[in-house]
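Working notes, beginning with the structure itself.
The values are calculated or read from the model by the stated rules, or taken from the named source; none is laboratory data. Here the structure is a predicted model, which is why all the values come from computation and not from measurement. No Cβ is skipped: glycine too gets one built from the backbone with ideal geometry, and neighbour counts run over all protein chains shown. Areas reflect the complete protein model, heavy atoms only, side chains present, ligands, DNA and RNA absent. Shrake-Rupley method; radii C 1.70, N 1.55, O 1.52, S 1.80 Å.
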Amino acid sequence: RWLDMDLWDACGSEPVDEEAMAGQECFGAIDLASTLDVAAFAGLFPPTVDDFYRLLLRFWVPEAACRQRERRNRVRLDEWVRLGLIKKTQGATIDYAVIRQDINDFHKVYSIRELAIDKWNSTQLATELLGDGLVVVGFGQGYASMTAPTKELEALVVSGRLLHGGNPVIRWMASNVSVDQDPAGNYKPNKEKSIEKIDGIVAAIMALGRAMLYPVVPTSATTEVW
């Protein structure tokens, strides 16, 4: 296991107030992974009045995947669907039109500065979201793109500076993550080696990767005029 779950849980001791964050700017990322299972969106809000990053999450799953998992006695996604933590789309595969609409709705409330998306797995959706007016950025899944934000996410968890509100879906995914490391000390999540789904963590890493390119300037900071 990559992340210490006690430290992860400590970052979710209090809920994240989504209503209070309306109008704030965030960096978003989508990890679609497979049309047959869970897809994830992460909205990462850099520090403004304090030193904490806040994470809002959205998940989707096709109804067929819920039925299959129930038959196989795996994680009960249908319970999270009932609680509103995952949105179930009709059919055997995820309906990308639903994801597109939900991302646009999120953008209207929170202002997505950039939306990171896997370069190789989402051409049509990326094109549609670009047409909707979002700034869509291709994000690679190799060491070059993933190492720095993967290490930074780990550091935020260790320091208690990543607030995720105790979302049980992302906790499950955090507990599943296994990472690959090369001889140079670079590392990134490995979906094949991980215990189960990790899409929300991957999306959070991608969003953080874009956020790291911009300096954090708290809104409480003052500028002297000379």
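Looking at E63, E128, just one residue is within 25 Å of W172 (Cβ to Cβ), of a type outside the set (F, W, Y) and in contact with a Lys or Arg (Cβ under 7 Å, 6 or more places away or on another chain), and that residue is E63. Taking residues in the stretch 119-139 that are closer than 22 Å to L213 by Cα, and partners anywhere that are in a loop (DSSP other than H, G, I, E, B), the pairs with Cβ atoms closer than 7 Å and at least 6 places apart or on different chains are K119/G140; G138/K119; F139/K119.
Of all residues in the stretch 93-146, those being aromatic (F, W, Y) and part of a helix (DSSP H, G or I) number 4.
Among the residues of the stretch 164-208, those identified as among the hydroxyl-bearing types (S, T, Y) and either buried (at least 17 other Cβ atoms within 10 Å of the Cβ) or closer than 24 Å to F45 by Cα (or both) are S175, Y187, S194. Just a yes or no: is a residue in the stretch 68-86 surrounded by 18 or more Cβ atoms within 10 Å (Cβ to Cβ), assigned to a helix (DSSP H, G or I), at pLDDT below 95 and not polar (S, T, N, Q)? There is at least one residue in the stretch 68-86 that is surrounded by 18 or more Cβ atoms within 10 Å (Cβ to Cβ), assigned to a helix (DSSP H, G or I), at pLDDT below 95 and not polar (S, T, N, Q).
The set of residues in the stretch 156-165 being over 14 Å from the mean Cα position of the chain (by Cα) and small (G, A, S) consists of S159, G160.
All told, A20 meets the bar of being modelled with pLDDT under 95, closer than 27 Å to L213 by Cβ and loosely packed, with under 13 Cβ neighbours inside 10 Å. Considering F27, F106, F52, F59, the condition of being open to solvent by 70 Å² or more (accessible area, probe 1.4 Å), of a type in the set (F, W, Y) and touching a residue at least 60 places away in the same chain (Cβ under 8 Å) is satisfied by F52 alone.
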